[in-house]
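In what follows, a single structure is set out as structure tokens and then discussed.
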Amino acid sequence: MHVFKNQILICPNILSYLIRIKYSDIYETTERLQKAAEALDLKVCGRIMTTVKSKTLTQSGSLSDIEFLVPVDRPFDSTVNYKYKPMFKLINAVRMRYEGDICGISESQFLLAKYLNENDLEPVTGHYFSYIQALRESPRSSIVDIYVGINSNIL
């Protein structure tokens, strides 16, 4: 496991979309968002990112409230479903790369949390996932960078 410190993630012009889905439906939703951006006459110009806002256990399994953050080429007017955010900025983060089935990413999240604890690093954000390779046809070959913002104060 390689963890990189002092990482910066900055993206202007973000299309934000919040949805409750199974984690296994991320790729399908990502593809729908790319088509939605085209329908809004926007061009996706970077890696799509997600963050899990909350999880709910149901009788049919686990559902997550996931915010998708899609960097686009220009500002746009927010709609009922898609919100415009002028900037996404994550500074002083740690980053870890995950490769494998997207449904198994929680093990890497655990390892990253363990690393933070062992190195006395205080997280100030949740996990942000930046999808490098995310194909619905081959979900077992995902490549995802996991970011967590770290408190830079020394007390």
Between helix 26-39 and the chain, what is the angle of the helix's C-alpha long axis to the longest principal axis, kept within 0 to 90° and rounded to the nearest 10?
40 degrees
What residue among Asn6, Ser62, Gln109 has its Cα farthest toward the positive end of the dipole of the chain, where the charges are +1 on Lys, Arg and -1 on Asp, Glu, each on the Cβ?
Asn6
Going by alpha carbons, how many degrees (0 to 90, nearest 10) lie between the helix axis of 105-118 and the longest principal axis of the chain?
40 degrees
Considering only the other residues whose Cβ falls under 10 Å of the Cβ of Asp145, what net charge follows from Lys and Arg at +1 and Asp and Glu at -1?
+3
Taking R0 as 25 Å and r as the Cβ-Cβ distance between Ile10 and Ser62, the FRET efficiency 1/(1 + (r/R0)^6), rounded to the nearest 0.05, comes to 0.20
Given only helices, namely DSSP H runs of n ≥ 4 each adding -39500 (n - 2.57), what is the per-residue ellipticity at 222 nm of the chain, to the nearest 500 deg cm²/dmol?
-6000 deg cm²/dmol
Cα centroid distance between the stretch 96-120 and the stretch 29-70, in Å?
21 Å
Note: Lys114 to Ser141 extended length (0.36 nm per residue) minus current alpha-carbon separation gives 7.3 nm
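Read-outs: derived from the displayed coordinates by stated rules, not from any lab. As the structure is a prediction and not an experimental result, all values here were calculated from the model. With ideal geometry, Cβ positions are generated from the backbone for all residues, glycine too; neighbour counts draw on all protein chains shown.
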